[in-house]
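Read-outs: derived from the displayed coordinates by stated rules, not from any lab. These numbers were taken from a predicted model, which means no experiment stands behind them. Positions of Cβ are generated from backbone atoms using ideal geometry, with glycine treated the same way; all protein chains shown enter the neighbour counts.
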């Protein structure tokens, strides 16, 4: 086995990228640490040096993808609320298209029975939910309904994106506009009986 010398950080990134690809294409139980090590041209022992267990490895892959999405969708406070929404959705959908495997890994984790791995997904969801609540707070006082709508909308966006990746029947702009309209309607809608 020919080994390529990389810095610790680069090696870790390489392993996480390989893991993202494998976990996106196959269920957790069908991904073998030996295969990751072989693709990276490293020993199993070196892989276990970075990640003590397969669960640790999977959690690190999920966390890396989650952090990448959060960085890419960081709101720009110099923009208005709607412009922030459109910019955030553009960045998010660009990530979904460019990092299909990473996105699929993230959302495979969402249904994981492992609490630690699911917690990584939930942390990311909570950050995105709070960003929406904070944006609404710049134009009106957010209430519990806004928090619920934000979380529901985030799950809606995930479902839409997974369908879009599978079918690609509409353009990215159409997906963005659908998602933007849905959130705007959800947080601005008048309560029933007050129209």
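Worth pointing out:
- With Cα atoms, 0 to 90° folded angle of helix 172-188 axis to the chain main axis: 50
- Rough spin-label spacing in nm, given labels placed 7 Å along Cα→Cβ, for residue 50 and residue 138: 3.8
- Dimensionless Rg/Rh of region 8-53 - Kirkwood Rh, Rg from C-alpha atoms: 0.93
- Taking max minus min of the alpha-carbon positions on each principal axis, region 1-102 gives extents of 53, 29, 21 Å, largest first.
- Rounded tilt (10° steps) of 54-72 against the dominant C-alpha axis of the chain: 40
- Computed from the Cα positions only, the extents of the chain along the three principal axes stand at 69, 33, 32 Å, in decreasing order.
- Degrees between helix 115-137 axis and first principal axis of the chain (Cα, 0 to 90, nearest 10): 30
- Length-normalised contact order for the chain - Cα pairs under 8 Å, 6+ apart - percent: 20
- Zone residues, region 39-69, relative to residue 6, backbone N less than 11 Å from point 7 Å out along Cα-to-Cβ: 39-42
- Dividing the summed -39500 (n - 2.57) terms of all DSSP H runs of n ≥ 4 by the residue count of the chain sets its mean residue ellipticity at 222 nm at -24500 deg cm²/dmol.
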